[in-house]
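Comments concern the structure below.
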């Protein structure tokens with residue numbers, strides 16, 4: 001949730017840090033702050049509200065110049081949003097030097113540590129767990145910041161990603177992680193530390209991704225201590241564990257460029273990402289469909305083909321939108337590969353003593369690859385003997401590193417908090433996996449070829465759907481005053497109904513409930529009154545006539561019907577007040593087209609209600625704490 005940016009190098013830090021915080025705004029936050037080290041020590045600026053407020057504060061605060069600094073956007077966990085609770089937090093060493101810390105995560109034993117530190121004479125000015133960490137590092141500091149951080153973290157229970165500086169070592173920056181993502185960017189005569197690649201991609205694409213319990217020491221400054229060299233500037237990167245055991249730092253290349261995270265001509269990132277979906281889906285599918293031979297090519301699975309084909313059970317797990325994609329994956333795997341499959345909420349999975357049998361495979365689904373609940377579910381399943389196959393978007397993320405195999409989405413960075421193109425990529429990849437495994441079990445070559453031909457045409461189909469955007473807006477404008485909606489679907493389109501309801505809730509703050517269309521009769525039909533918007537995903541398929549019957553039941557009770565229907569379906573107009581057409585595709589592929597009108601519907605509802613589409617209240621892009 002929270003965001004970290006830190007810098008040590010040859011440039012002025014404050015500008016780089018504020019710029020990085022702006023690129024992290026999409027993650028969600030309520031306050032922000034920076035700390036800059038220079039000849040005057042360490043100076044702070046903190047503000048409640050948007051980064052723009054902090055930026056003004058930085059310009060008005062004296063002595064905020066220097067070539068080392070840390071910055072943070074905070075999402076309140078311990079203590080209300082306030083300037084006192086905003087990061088960075090500080091502690092004072094025995095010899096009077098300042099320690100400054102920014103922190104993502106939750107220190108679970110902070111109360112015990114706080115009591116201990118108060119007994120040592122430390123006083124606290126905030127309600128946060130992070131201030132405890134800053135003062136703990138200060139308490140154990142004995143001239144070496146790296147060792148002090150290691151010693152402090154050995155006493156900590158919980159999750160953390162931190163960046164630490166001290167006035168005693170003006171060219172040294174320490175980072176560490178456990179359970180929350182942290183990367184190090186390697187640039188010219190400088191290093192950057194961030195919780196998200198978007199904060200540093202303007203300056204470098206060369207990164208080191210830290211693993212749990214790892215600490216990084218970064219030094220960059222004038223080379224006045226080495227007389228045996230003419231190089232005026234020194235840089236150093238060292239990685240260890242919290243037990244001070246050296247580990248090798250592996251530099252990788254980010255699959256991201258600055259243009260991908262720029263807004264361009266669009267008013268919101270969400271609309272940009274919806275409209276980009278034809279091209280992002282083409283990128284996702286590129287090189288993975290052999291049209292000539294009618295086969296799926298998934299290099300990440302090639303070494304595990306026999307294991308996948310012999311799987312006895314597949315568990316898909318995720319949260320929110322990823323869970324909905326997983327539910328579609330459940331249907332796909334059982335329909336196309338004939339493997340028993342179940343989707344589980346990751347947040348519940350490890351707390352219910354799950355049964356993992358021989359031949360079980362777990363598929364964790366996550367855009368960021370850092371979702372805390374999904375990562376915990378993955379680890380629980382692997383500890384019980386499951387083979388892990390990751391479906392993630394972010395290359396080098398923790399889930400990507402901890403799975404046995406996997407398939408990247410390759411849909412590019414997603415900035416909008418409400419996921420759109422990542423959902424599409426997840427469903428497309430799960431479709432490819434189902435066809436890949438299905439062909440090796442029961443699916444005929446001709447059937448695979450037919451599905452692949454249809455899948456290859458989906459990007460063009462999405463392009464035609466997005467051209468209905470203005471009309472969808474006009475329809476939404478007629479029902480935008482209603483505060484309760486239903487989203488209904490059957491079969492493969494039941495998860496789409498769930499996703500449509502979630503999108504509407506996330507950004508327009510309209511209460512919406514998604515469910516199987518037949519479930520409506522078992523209670524929720526009591527909610528329907530005159531004019532209530534009810535969205536049906538009613539495309540042609542095996543349950544089309546049953547959906548029409550459900551529509552009639554709602555219509556007879558005064559509900560207002562918005563239907564997503566197949567092109568050329570003249571019958572649906574007899575029952576629906578408004579119809580959004582999508583191209584006719586094979587039933588297992590329908591979610592790839594039926595979700596698009598629902599994404600646009602939610603977007604226009606939020607705009608019409610005057611909400612900040614890209615920064616919905618109380619939400620964060622990636623939930624990296626439980």
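Side notes on the structure shown:
- Cα-based shape type of the stretch 1-142, given that a ≥ b ≥ c are square roots of the gyration tensor eigenvalues and the cut on a/c is 1.5: oblate
- Projected label distance in nm at residue 144 and residue 379, using a 7 Å step from Cα toward the beta-carbon: 2.8
- If R0 is taken as 22 Å, the Cβ-Cβ distance between residue 60 and residue 611 corresponds to a FRET efficiency of 0.10.
- Mean separation of Cα contacts under 8 Å (6+ apart) over length of the chain, as relative contact order %: 12
- Using the alpha carbons alone, the radius of gyration of the stretch 266-461 stands to its Kirkwood radius in an Rg to Rh ratio of 0.96.
- Given R0 = 25 Å, the distance between the Cβ atoms of residue 238 and residue 10 translates into a calculated FRET efficiency of 0.80.
- Report note on the peptides 279-287, 534-542, 55-63, 591-599: ranked by the mean count of other C-beta atoms within 10 Å, highest first, their order is 591-599, 534-542, 279-287, 55-63.
- Taking the longest Cα principal axis of the chain as reference, the axis of helix 591-608 is set at about 60 degrees.
- Estimated at 0.36 nm per residue, the fully extended path between residue 440 and residue 474 surpasses their Cα-Cα distance by 7.5 nm.
- Helical mean residue ellipticity (222 nm; -39500 (n - 2.57) per DSSP H run of 4+; nearest 500) of the chain: -10000 deg cm²/dmol
- Estimated at 0.36 nm per residue, the fully extended path between residue 212 and residue 570 surpasses their Cα-Cα distance by 123.2 nm.
- Between helix 130-140 and the chain: long-axis angle, C-alpha atoms, 0 to 90°, nearest 10: 30
- Judged by the mean number of other Cβ atoms found within 10 Å, the most tightly packed of the peptides 612-618, 215-221, 313-319 leads the ranking 313-319, 215-221, 612-618.
- Using alpha-carbon coordinates, inclination of helix 372-383 to the longest axis of the chain, degrees: 80
- Once the Cβ-Cβ distance of residue 260 and residue 304 is raised to the sixth power relative to R0 = 35 Å, the FRET efficiency obtained is 0.70.
- Length-normalised contact order for the stretch 266-461 - Cα pairs under 8 Å, 6+ apart - percent: 30
- Percent antiparallel among DSSP beta bridges (both partners in the chain, rounded to 5): 65
- Full extension of the chain between residue 189 and residue 556 gives 125.0 nm of extra length, using 0.36 nm per residue less the Cα-Cα distance.
Read-outs: derived from the displayed coordinates by stated rules, not from any lab. Source: prediction; values computed, not measured. Quick reminder, even Gly has a Cβ in these numbers, built from the backbone with ideal geometry, and neighbours come from all protein chains shown.
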